Amino acid sequence: MKRRGFLKLAAAGVLGVCASVPAWAAAQAVSADVVVVGGGGSGLAAAVRAAELGAKVVLLEKNGVVGGGAAFAEGLFGIESRWQRAKNYGLSIPHAAEYLQRFDHFKSDAKFRRLYLEQSAPTLDWVAQHGVKFEAIQVSPSETLTWHVIGQYKGDQHGAAYVHALADSAAKLGVKTLLSTPAKSLIMKNGRVAGVKAEGAAGELDISASSVILATGGFGDNPELVRSLLGYDPARVKSSVPLHKTGDGFLMAKAAGGAQTAATAVMHPGTEGRGIKFLSNLYVMSWQPANLWVNDHGERFAPETLSFEFALAGNAIASQLHSEGWVIFDDAAIDYMKTQGADVGVGVIIPTMTKLPNIRSEINAAIAQGSDAVKSGATAEELARAIGVPPSALKKTLETYNRATEEKYDGEFFKLTQWLRPIGKGRLYALRLRPYWFCTLGGTRTDRSLRVVDGDDRPIPGLYAVGAETGRMYGDTYTTWTSGHLFGFAAWSGKAAAETALKDMGK
Ligand SMILES: Cc1cc2nc3c(=O)[nH]c(=O)nc-3n(C[C@H](O)[C@H](O)[C@H](O)COP(=O)(O)OP(=O)(O)OC[C@H]3O[C@@H](n4cnc5c(N)ncnc54)[C@H](O)[C@@H]3O)c2cc1C
């Protein structure tokens, strides 16, 4: 559904802004007040806000369509918003601030976060002024009601609707959007940013500008940065939707003298392999809390209910040998999914309780193809041999787990009793479990007004960074407790950086 929306953007309204491409691409040198690098969740907000405030704006987008990860997202964080008020929901800013600073182990900047929390509801109001509709929704027991899921806009919904609406506003406000035109480097003059060098279809383009806002969405598709900044093997821990986000903003900021922060990633569980399609019934099976997860030693490593807190589930899987595991289930679980539906959905795209009518046929088809990621066995030992884990270990793990289901007490990981179901009815199945990330977070250090700073926290004049590439908003991982935090931060930081840039320019 998300992908459909994204493709529709390419085919319809958003490409309207593409009309300006040939004229701009033909010129070798152009000028603007503000260049925004990256047309995703944060970059669109920055471009629209800067144009609203009267700036001449050029928006550079590396891909052939705007949207980035935001086109696939579903909702934005907000607190003390009018959509929460409509549901009589009472979580307060101080309560969330207190929870989050402890969750972050004070590795984030608590004052920066507080600013975002305070501005999250006004940011939603501002986004709504551009035609975006919201509803506050809670989709898992580990969340609060902070996720403002996006409704329809001109036939698109969720993130694609946000992208479509803001791209329309950008076009109306005169923003020049150049698609398939990645920024390559910053133009520096006397220690301040003076523009951007980009490369479009017609060759190199120099855009002079007083302010450059880096909104390139992180580095999840850059194997070297994944290894050096996150410490993961990039062949085993990857983007859920690869979008050419190769840390360009981070590298440009660094080359300009920008300081580096710690980085992390927003992970989630998932699966891939022969016979498995993204968001298929088999894919949804990899998120189910009543299954059993084992690592390559044949041992459990986490309560499977962690899929409700997808970021923590991804962390746990990534930390196992080979950064992988196996989801173990039986014929009874297949029947349950067909008749009762999923116990946890995948966002609002595949809602909880969605029935999985194709689960058995997908399993059979994958096994018939000799899938590397879907296996079956009549006994624990047979299944263990098929997936290459020690047979005695898997047998013991299943026995221990089944005893816990009888006793209604999981002494190993304290999984809640309603998700403790015996496994062993009929045949046994295994589905490969892998970690992915929705996006990486951090790398570029800014001040609280989104100015990129050097190693002494002095702003580099004219340079700003927003969204996923900005450091100091997150600690060592992400919590789903405040669902939508990422997308909300992208919108707020984009808007706030535009306001800072215009103020710094004296406008
Ligand atoms: C499947 C999926 C679901 C998600 N759901 C949610 C959700 O519901 N709630 C939530 O909070 N978050 C969600 N996220 C995360 C959310 O998408 C991001 O937090 C948000 O998009 C970050 O905004 P951004 O502007 O930093 O990056 P993006 O939106 O990814 O935009 C970055 C843009 O920069 C462009 N770019 C990169 N390099 C260059 C360059 N050199 N020159 C020009 N352009 C460049 C990219 O092509 C891209 O368009 C989801 C992500 C995915 C993948």
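The numbers here are math on the coordinates, done by the rules we state, and not lab data. Note that the coordinates shown come from a computational prediction; the quantities given were computed from them, not determined experimentally. Positions of Cβ are backbone-derived with ideal geometry, glycine not excepted, and every protein chain shown enters the neighbour counts.
Residues of segment 160-185 falling in the label zone of residue 56, defined by backbone nitrogen less than 15 Å from a point 7 Å along Cα to beta-carbon, are 174-177. Hey, which aspartates and glutamates would be in cross-link range of residue 277, C-alpha to C-alpha under 14 Å, not counting anything within fewer than 8 residues on its own chain? Within reach: 362, 372. Counting 0.36 nm for each residue step from residue 172 to residue 138 and taking away their Cα separation leaves a gain of 8.8 nm.
Think of the chain as having a plus end and a minus end, set by charges on the Cβ of Lys, Arg, Asp and Glu; of 94, 138, 37, 37 sits farthest toward the positive end of this dipole.
Going down the table (62/176; 87/415; 375/395; 56/507; 154/495; 111/254), which pairs top 20 Å between alpha carbons? Don't skip to the answer; put the middle values down first.
Details: 62/176 14 Å; 87/415 30 Å; 375/395 16 Å; 56/507 12 Å; 154/495 23 Å; 111/254 24 Å.
From 62/176; 87/415; 375/395; 56/507; 154/495; 111/254, over 20 Å: 87/415; 154/495; 111/254.
Charged side chains reduced to their Cβ positions (Lys and Arg at +1, Asp and Glu at -1) give segment 266-436 a dipole of some 340 debye around its Cα centre. Label positions at residue 189 and residue 402, each projected 7 Å from the Cα along the C-beta direction, are separated by 7.6 nm. From most to least packed by mean Cβ count within 10 Å, the peptides 404-415, 476-487 give 476-487, 404-415.
Over the chain, what is the percentage of antiparallel beta bridges among all DSSP beta bridges, to the nearest 5? Could you put the intermediate results ahead of the total?
On the way: 46 of 66 bridges.
In the chain, approximately 70 percent of DSSP beta bridges are antiparallel ones.
Which stretch or stretches of segment 358-392 have amide N atoms under 17 Å from the point lying 7 Å from residue 338's Cα along the Cα→Cβ direction? The answer is 358-368.
Segment residue 204..residue 367, full-extension length gain: 53.7 nm, with 0.36 nm per residue of separation and the alpha-carbon distance subtracted.
A simple spin-label model places the labels of residue 152 and residue 448 4.3 nm from each other, with each point 7 Å out along Cα-to-Cβ.
Can you put 429, 99 in order of Cβ neighbours within 10 angstrom, beginning with the fewest? Walk me through the numbers on the way to the answer.
Values: 429 28, 99 15.
Fewest-to-most Cβ neighbours within 10 Å comes out as 99, 429.
Computed from Cα positions, the angle between helix 93-103 and the longest principal axis of the chain comes to roughly 60 degrees.
Given their separation in residues at 0.36 nm each and the Cα-Cα distance between them, residue 180 and residue 417 gain 80.2 nm when the chain is fully extended.
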